[in-house]
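Notes follow the structure.
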Amino acid sequence: MNEKNEKRILLASPHMSGLEMAYIKEAFDTNWIAPLGPNVTGFEQEICAYTGAGYADALSSGTAAIHLGLMYLGVGKGDIVFCPSLTFSASANPIIYQGATPVFIDSERESWNMSPQALEKAFEQYPHPKAIVIVNLYGQSADYDRLKAIADAHGVPILEDAAESLGATYKGKQTGTFGDIGVYSFNGNKIITTSGGGILVASDKRAVEKVEFWATQAKEHAPYYQHKEIGYNYRMSNVVAGIGRGQLQVLDKRIARKKYIFDYYKKAFQDLDELEMMPIAAYGEPNYWLSCATIKTDVRVRPKELLDYLDSKNIEGRAIWKPMHLQPVFKGSAFFNHNPDEPSVAEDIFMRGLCLPSDTKMTDADLDRIVTRISWFFGAASARY
């Protein structure tokens, strides 16, 4: 039972800046309530200015952006698409929307992202995939020098799922800009939010124009409603985009706070033998969206025990994404292991990992309470075993 005398500490919740209301009020005052409008255009331009992307199209969700991105890359019925196994299902579901077949790729330990070795193995069996979805997991960039070299050698386009990594960099360049198509999410738990929504970016103007056409029901230029293609109702509303414009102004502050939280945990747990924080690859700077950790292999405690204990103390944590190749809905899908003689890296991280509270509104007192609870838990667990 939760301890009622202590406030609940959340995993990651929306953190409004106070700047959003000016844009929302303008939308109401000018009656720009429906999709499209000055806030949508402004948000797209500001995302491009921040990330260095060439063009952007604001959509109703990151999933919608992945879907239309795959459509633009020509993914269709019967095609093969490579996708990381260790990710949220939204990275893989649009592959199915298009009637294509996902082939799942294991992670590397250095970043928890797609393994170049496993990707090479996948090409040996499936030499002609239509596209590769590469995810920047938990706000950390994948290793694009290595992954892109493999993709380019085979002539296969990349859709970069940067849903979790807005503001993160790889060798000084913003994530979301390495693929032929890039995708960001503004879901309520992301580093900045529009309550819901996403955005697709590309260096090719034609890609964004085509996606915008599909996202607005594929209406042809005609004096009446005419449609030659199937379209979707995927555009972002002017009100929601106003929230995003206010949020974007404090993105750097949110990243700094997320890093502070990660570093706080790392320092606090440096002498705790049972727990280690997610590795940070030397090639880039994450946005530290969620502070993740793994329980060490020689500890008999499972993440669920720790998560249940924290929940009983009014502290919200979360399990690591369950790998896609273990999901019932994808049963029988091909999977390529980083280390074929051992359990996959993705499975190992899932079995030992958890996400710690990473809410940017937490105080140092909140962080100290979390650290104290976790340290006590492992001390008590050691006594049990």
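The residue of the range 169-199 that is surrounded by the fewest Cβ atoms within 10 Å (Cβ to Cβ), among those that are farther than 21 Å from Gly242 by Cβ and in contact with a Phe, Trp or Tyr (Cβ under 8 Å, 6 or more places away or on another chain), is Lys171.
Under the condition of being hydrophobic (A, V, I, L, M, F, W, C) and more than 25 Å from Glu164 (Cα to Cα), which residue from the range 25-53 is surrounded by the most Cβ atoms within 10 Å (Cβ to Cβ)? Going through the qualifying residues, I end up with Ala27. Residues of the range 117-126 that are farther than 24 Å from Leu290 by Cβ and touching a residue at least 24 places away in the same chain (Cβ under 8 Å): Gln117, Leu119, Glu120, Lys121, Ala122, Phe123, Gln125, Tyr126. On inspection, Asp252 does not qualify as acidic (Asp, Glu), free of Cβ contacts under 8 Å to residues at least 24 places away in the same chain and out of contact with any Cys (no Cβ under 9 Å at 6 or more places or on another chain).
Can Lys361 be described as under 28 Å from Met16 (Cβ atoms), in a loop (DSSP other than H, G, I, E, B), among the basic types (Lys, Arg) and touching a residue at least 12 places away in the same chain (Cβ under 8 Å)? Criteria met by Lys361. Confirm whether Arg300 is at negative phi and either in contact with a strand residue (DSSP E or B) (Cβ under 8 Å, 6 or more places away or on another chain) or assigned to a helix (DSSP H, G or I) (or both). So Arg300 does not fit the description; no. For the range 280-289, a residue qualifies if it is within 14 Å of Asp263 (Cβ to Cβ) and in contact with a helix residue (DSSP H, G or I) (Cβ under 6 Å, 6 or more places away or on another chain), and the qualifying residues are Pro286, Asn287, Tyr288. For Ala34, state whether it is at pLDDT 95 or above and in the same structural domain as Val135 (by TED's automatic domain parsing). Here the answer is no, as Ala34 does not meet what is asked.
With respect to the conditions (1) surrounded by fewer than 18 Cβ atoms within 10 Å (Cβ to Cβ); (2) more than 23 Å from the chain's Cα centre (by Cα), Ala319 lacks only one, and its number is (2).
The values are calculated or read from the model by the stated rules, or taken from the named source; none is laboratory data. None of these values were measured; they are calculated from a predicted model. For neighbour counting, all protein chains shown are included, and Cβ atoms are generated from backbone atoms with ideal geometry for every residue, glycine included.
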